[in-house]
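The values are calculated or read from the model by the stated rules, or taken from the named source; none is laboratory data. All values reported here derive from a predicted model rather than from experimental measurement. Cβ: placed from backbone, ideal geometry, glycine included. Neighbour counts: every protein chain shown. Surface accessibility is based on the protein's heavy atoms, side chains included, excluding ligands, DNA and RNA. Shrake-Rupley method; radii C 1.70, N 1.55, O 1.52, S 1.80 Å.
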Amino acid sequence: LICDAIMSFGFNHVYIIGGDGTHRGAIKIFDELREREAKVAVIGIPKTIDNDIALIDKSFGFDTAVEEAQRAIKSAKVEAVSAVNGIGLVKLMGRHSGLIAMYATLASRDV
């Protein structure tokens, strides 16, 4: 259905922005278009908030993820200091690299 639409609109370039799952889908679209011998370029643009893609300085969403993580750290600190012997615990996402946690921690000055 997607390949039918690409061909009916006469596209010769398709840009796909996303993560691992999106790019797995892009490969399937590419394979189907190649099977149909369609002259369409399928370009994958990686998007990950983890900023863990080699050769790319900064990926889409990383700055926003770090800013939100800083807010969480600040909120945890406020909660922790408002109780006797309080502890603020923040769990940050990141598949393998931990760059969000590292950058947010370094920027917050509260850890």
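Identify, please: which residue in the stretch 93-111 is without any contact (Cβ under 8 Å) to a residue 24 or more places away in the chain and more than 14 Å from the chain's Cα centre (by Cα) and is, among those, farthest from I17 (Cα to Cα)? Per the stated criteria, the residue is R109. Restricting the stretch 11-20 to residues that are open to solvent by 60 Å² or more (accessible area, probe 1.4 Å) and not aliphatic (A, V, I, L, M), which is nearest to A104 (Cα to Cα)? If we take residues in the stretch 11-20 being open to solvent by 60 Å² or more (accessible area, probe 1.4 Å) and not aliphatic (A, V, I, L, M), then D20 is nearest to A104 (Cα to Cα).
Restricted to the stretch 21-47, and to residues that are of a type in the set (D, E, K, R) and touching a residue at least 12 places away in the same chain (Cβ under 8 Å), which residue is most open to solvent (accessible area, probe 1.4 Å)? Full working, then the answer.
In the first step, residues of the stretch 21-47 are kept if they are of a type in the set (D, E, K, R); the result is 24, 28, 31-32, 34-37, 39, 47.
Add one more test, that the residue is touching a residue at least 12 places away in the same chain (Cβ under 8 Å), and what stays is 32, 36, 39, 47.
Values: E32: 61, R36: 86, K39: 182, K47: 103 Å².
This residue is K39.
Residues of the stretch 49-60 being open to solvent by less than 90 Å² (accessible area, probe 1.4 Å) and either among the hydrophobic types (A, V, I, L, M, F, W, C) or over 15 Å from A101 (Cβ atoms) (or both), which ones? Don't jump to the end; show me each part of the working.
Going residue by residue through the stretch 49-60, those that are open to solvent by less than 90 Å² (accessible area, probe 1.4 Å) are 49-54, 56, 59.
Within the stretch 49-60, I49, I53, A54, I56, S59 qualify.
Applying the condition of being open to solvent by 90 Å² or more (accessible area, probe 1.4 Å) and touching a residue at least 24 places away in the same chain (Cβ under 8 Å) to the stretch 73-92 and asking which residue is farthest from T48 (Cα to Cα) yields K77.
Scanning the stretch 43-89 for residues that are among the basic types (K, R), over 10 Å from the mean Cα position of the chain (by Cα) and outside any helix (DSSP H, G or I) returns a single hit, K58. Just one of the numbered conditions (1) assigned to a loop (DSSP other than H, G, I, E, B); (2) farther than 22 Å from M93 by Cβ; (3) small (G, A, S) is not true of A26: (1).
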